[in-house]
Amino acid sequence: MLGIYSFQKFSTLDFPGRLCAIVWFSGCNMRCSYCYNKDVVFGKKQIEEEEFLEFLKKRVGLLDGVTFTGGCPTMYPNLINFAKKIKEMGFEIKLDTNGINFEVIKDLVEKKLIDYIALDFKAPKEKFYEITKNRHYEKFEKTLEYLINSDIEFEVRTTVHTDLLNEEDINKIIDVLIKKDYKGIYYIQNFFETDKETIGNLPSQKRKLNISKINKLIPMEFRNF
Ligand code: SF4
């Protein structure tokens with residue numbers, strides 16, 4: 001059963017400009033080779049909503065918001081109601097998403113239950129399945145277009161492991177962002193090396209992305225390089 005896998009009581013890093021708690025939701029509709037959240041992706045519900053909400057009640061006035069991450073939070077069947085309860089307590093909500101569940105994301109935005117979205121642009125169309133094992137690139141693009149045409153604050157980001165993505169791939173993503181008139185910052189994140197086993201059992205990167213070969217045609221920032 002999908003649900004809350006775990007939560008972290010405090011973070012200064014995961015919700016731009018806000019102090020937040022983080023909620024990890026179990027399950028995911030992708031199987032990215034570089035994912036080191038295997039426990040969460042293949043996990044089940046470990047924590048009841050009420051336990052988290054009780055904790056959050058004690059943080060009114062101390063935290064600004066809550067980050068929904070995973071796994072894939074949009075797969076949680078009670079996400080809308082859960083978000084409503086958090087918003088009613090006065091907290092802002094950030095959603096980390098791969099953009100596949102367009103309808104859920106649209107519903108959250110239209111109901112004004114989300115304040116910030118971090119949207120993963122996993123790979124250019126030709127490599128999307130190879131990297132994510134999900135065939136629905138067009139659903140991701142629909143979400144991207146929808147967010148670009150909405151008023152919601154959001155960022156687009158790509159995690160790079162150079163066994164999977166190279167400079168040409170990133171430049172293709174930049175082309176798509178330009179064509180779709182994305183105005184925000186594009187964040188390129190270097191794969192974070194840990195001891196944890198990834199879904200695809202990836203080895204360490206043999207090289208880092210060569211930033212000098214990236215077409216800097218839009219605002220962008222490089223993280224963990
Ligand atoms: S990295 Fe991929 S598999 Fe892992 S949680 Fe994110 S979308 Fe799911």
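Which condition does Y34 not pass, out of (1) in a helix (DSSP H, G or I); (2) in contact (Cβ under 8 Å) with a residue 60 or more places away in the chain, if it passes all the others?
(1)
Taking into account only those residues within the range 195-225 that are of a type in the set (S, T, N, Q) and within 19 Å of the chain's Cα centre (by Cα), which is nearest to Y129 (Cα to Cα)? Give the steps one after another, and end with the answer.
Of the range 195-225, the ones of a type in the set (S, T, N, Q) are 198, 201, 204-205, 210, 212, 215, 224.
Of the ones still in play, those that are also within 19 Å of the chain's Cα centre (by Cα) are 198, 224.
Numbers: T198: 17, N224: 25 Å.
By that ranking, first place goes to T198.
So in the range 116-138, with the set limited to residues that are within 13 Å of the ligand (Cβ to nearest atom), in contact (Cβ under 8 Å) with a residue 24 or more places away in the chain and in contact with a helix residue (DSSP H, G or I) (Cβ under 6 Å, 6 or more places away or on another chain), which one is nearest to L95 (Cα to Cα)?
It comes out as F121.
Quick one: would you say F25 is touching a Pro at 6+ places or on another chain (Cβ under 6 Å) and modelled with pLDDT of 95 or more?
On the way: touching a Pro at 6+ places or on another chain (Cβ under 6 Å): yes; modelled with pLDDT of 95 or more: yes.
Spelling it out, F25 is indeed touching a Pro at 6+ places or on another chain (Cβ under 6 Å) and modelled with pLDDT of 95 or more.
Provide a single number: the residues in the range 5-37 that are more than 15 Å from the ligand (Cβ to nearest atom), of a type outside the set (G, A, S) and in contact with a Phe, Trp or Tyr (Cβ under 9 Å, 6 or more places away or on another chain).
First, the residues of the range 5-37 that are more than 15 Å from the ligand (Cβ to nearest atom): 7-13, 15-21.
Among the residues that remain, those that are also of a type outside the set (G, A, S) are: 7-10, 12-13, 15-16, 18-20.
Next, from what is left, pick out any that are in contact with a Phe, Trp or Tyr (Cβ under 9 Å, 6 or more places away or on another chain): 7-9, 15-16, 18-20.
The qualifying residues number 8.
When the range 56-72 is examined, which residues are found to be assigned to a loop (DSSP other than H, G, I, E, B) and either under 12 Å from F25 (Cβ atoms) or in contact with a Phe, Trp or Tyr (Cβ under 6 Å, 6 or more places away or on another chain) (or both)? Spell out how you get there, then give the answer.
Filtering the range 56-72 for residues assigned to a loop (DSSP other than H, G, I, E, B) gives 58-59, 61-62, 64, 71-72.
Listed by number, the residues that qualify are G71, C72.
Have a look at V23, V60 and point out the one that is under 15 Å from the mean Cα position of the chain (by Cα) and among the aliphatic types (A, V, I, L, M). Write out each step before concluding.
Numbers: V60 fails: under 15 Å from the mean Cα position of the chain (by Cα).
Every option except V23 fails the conditions.
Kindly indicate which of G90, G99 is assigned to a loop (DSSP other than H, G, I, E, B) and surrounded by 17 or more Cβ atoms within 10 Å (Cβ to Cβ). Show your work before the answer.
On the way: G90 fails: surrounded by 17 or more Cβ atoms within 10 Å (Cβ to Cβ).
Being assigned to a loop (DSSP other than H, G, I, E, B) and surrounded by 17 or more Cβ atoms within 10 Å (Cβ to Cβ) holds for just one of G90, G99, which is G99.
Read through the list (1) touching a helix residue (DSSP H, G or I) at 6+ places or on another chain (Cβ under 7 Å); (2) away from the ligand (no atom under 16 Å from the Cβ); (3) in a strand (DSSP E or B); (4) not charged (D, E, K, R), then give the number of the only condition that L53 fails.
Every condition holds for L53 apart from (3).
Do we have any residue at all in the range 58-79 that's within 9 Å of the ligand (Cβ to nearest atom), among the polar types (S, T, N, Q) and out of contact with any helix residue (DSSP H, G or I) (no Cβ under 6 Å at 6 or more places or on another chain)?
Of the residues in the range 58-79, the ones within 9 Å of the ligand (Cβ to nearest atom) are 69-72.
With among the polar types (S, T, N, Q) added as a condition, the list becomes 69.
This time we only want the ones that are out of contact with any helix residue (DSSP H, G or I) (no Cβ under 6 Å at 6 or more places or on another chain), so: 69.
Yes.
Residues that are surrounded by 18 or more Cβ atoms within 10 Å (Cβ to Cβ) and of a type in the set (F, W, Y): find the helices (runs of 4 or more DSSP H) completely inside the range 111-225 holding 2 or more of those.
137-148
Could you please find all residues in the range 38-50 being surrounded by 15 or more Cβ atoms within 10 Å (Cβ to Cβ) and either in a loop (DSSP other than H, G, I, E, B) or within 16 Å of the ligand (Cβ to nearest atom) (or both)? Talk me through it step by step, then tell me what you get.
In the first step, residues of the range 38-50 are kept if they are surrounded by 15 or more Cβ atoms within 10 Å (Cβ to Cβ); the result is 40-41, 43, 45-47, 49.
Result: V40, V41, G43, K45, Q46.
Counting only residues that are farther than 18 Å from R18 by Cβ and either at pLDDT below 95 or not aliphatic (A, V, I, L, M) (or both), how many does the range 58-109 have?
Result for the range 58-109: 18.
The values are calculated or read from the model by the stated rules, or taken from the named source; none is laboratory data. Please read these numbers as outputs of a predicted model, since none were measured by experiment. Counting neighbours? That spans all protein chains shown, and the Cβs are built from the backbone with ideal geometry, glycine included.
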